[in-house]
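Trainee: After the structure tokens below, expect a handful of questions from me.
The values are calculated or read from the model by the stated rules, or taken from the named source; none is laboratory data. Treat the numbers as computed from the prediction; the structure is a model and nothing was measured. All Cβ positions, even for glycine, are placed from backbone atoms using ideal geometry, and neighbour counts span all protein chains on display.
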Amino acid sequence: MSVSRGEPVGRGRHVAIVVARFHEHVTAKLLEGAQAGLRAHGVADDAMDVAWVPGAFEIPLVAERMAATGMYDALICLGAVIRGETAHFDLVAAEAARGVAEVARATGIPVIFEVLATETLAQAEARAGGAHGNKGWDAATAAVEMASLLDDLPKLEE
């Protein structure tokens with residue numbers, strides 16, 4: 001039996017972070033958490049690239065462009081979509097998730113989805129360095145673990 005499990009080791013890895021400006025007081029904290037998590041796992045500051053986009057809906061396009069360069073071992077996508085009075089919440093959250101998943105499958109690069117989809121601003125703040133920790137840090141750990149795991153798995157034939 002073969003068991004593969006990624007290790008959270010980022011030394012020598014290059015990671016891109018795509019972060020939405022909408023609800024920037026939340027997403028900036030997610031970014032801080034992701035960068036701190038990457039550093040803690042050994043990713044050098046000069047091996048982290050950050051691209052800011054207007055909102056969560058725009059994340060997949062920029063993630064796709066960055067992944068296609070072949071420069072990155074993993075990407076992290078950060079945003080916050082907070083329910084309002086219209087169906088906009090459902091549309092944006094679902095399309096951001098679908099788009100990010102498509103980028104990962106199309107490129108074979110780990111693309112971590114950490115777009116908070118919460119009912120309230122307080123819930124988002126609790127997950128961006130508040131009572132529920134920082135999901136940006138969790139995304140950083142997932143990114144380096146997935147990059148490590150993919151390194152250990154058999155390569156796909158081209």
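Trainee: Pull up segment 84-100, narrow it to residues that are free of Cβ contacts under 8 Å to residues at least 24 places away in the same chain, surrounded by 12 or more Cβ atoms within 10 Å (Cβ to Cβ) and of a type in the set (Gly, Ala, Ser), then point me to the one that is farthest from Thr120 (Cα to Cα).
Mentor: It comes out as Ala97.
Trainee: Any residue at all in segment 5-16 that is among the aliphatic types (A, V, I, L, M), modelled with pLDDT under 95 and either part of a loop (DSSP other than H, G, I, E, B) or on the phi > 0 side of the Ramachandran plot (or both)? Reasoning before the result, please.
Mentor: Here is the first cut: in segment 5-16, the ones among the aliphatic types (A, V, I, L, M) are 9, 15-16.
Checking which are modelled with pLDDT under 95 leaves us with 9.
The next check asks that each one be either part of a loop (DSSP other than H, G, I, E, B) or on the phi > 0 side of the Ramachandran plot (or both); those that pass are 9.
Looking for residues that are among the aliphatic types (A, V, I, L, M), modelled with pLDDT under 95 and either part of a loop (DSSP other than H, G, I, E, B) or on the phi > 0 side of the Ramachandran plot (or both), one finds at least one in segment 5-16, hence yes.
Trainee: Can you tell me how many residues within segment 113-143 are buried (at least 20 other Cβ atoms within 10 Å of the Cβ) and in contact with a Lys or Arg (Cβ under 6 Å, 6 or more places away or on another chain)?
Mentor: 5
Trainee: For Val19, state whether it is free of Cβ contacts under 8 Å to residues at least 60 places away in the same chain and surrounded by 20 or more Cβ atoms within 10 Å (Cβ to Cβ). First the steps, then the outcome.
Mentor: Numbers: free of Cβ contacts under 8 Å to residues at least 60 places away in the same chain: no; surrounded by 20 or more Cβ atoms within 10 Å (Cβ to Cβ): yes.
Answer is no for this residue.
Trainee: Something else about it: Out of Val81, Val53, report the one residue that is touching a Lys or Arg at 6+ places or on another chain (Cβ under 8 Å), under 17 Å from Lys29 (Cα atoms) and not basic (Lys, Arg). Break it down stepwise before answering.
Mentor: Working: Val81 fails: touching a Lys or Arg at 6+ places or on another chain (Cβ under 8 Å).
Every option except Val53 fails the conditions.
Trainee: Still on this model: Being crowded, with 24+ Cβ neighbours inside 10 Å and within 13 Å of the chain's Cα centre (by Cα) is the filter here; which residues of segment 38-56 pass it?
Mentor: Start the filter on segment 38-56 by keeping residues that are crowded, with 24+ Cβ neighbours inside 10 Å, which leaves 38, 43, 56.
If the condition is that a residue be crowded, with 24+ Cβ neighbours inside 10 Å and within 13 Å of the chain's Cα centre (by Cα), then Leu38, Ala56 are the ones that fit.
Trainee: Go through the residues of segment 79-97 one by one and say whether even a single one is within 15 Å of Ala139 (Cα to Cα) and in contact with a Leu (Cβ under 8 Å, 6 or more places away or on another chain).
Mentor: The answer is yes, given that some residue of segment 79-97 is within 15 Å of Ala139 (Cα to Cα) and in contact with a Leu (Cβ under 8 Å, 6 or more places away or on another chain).
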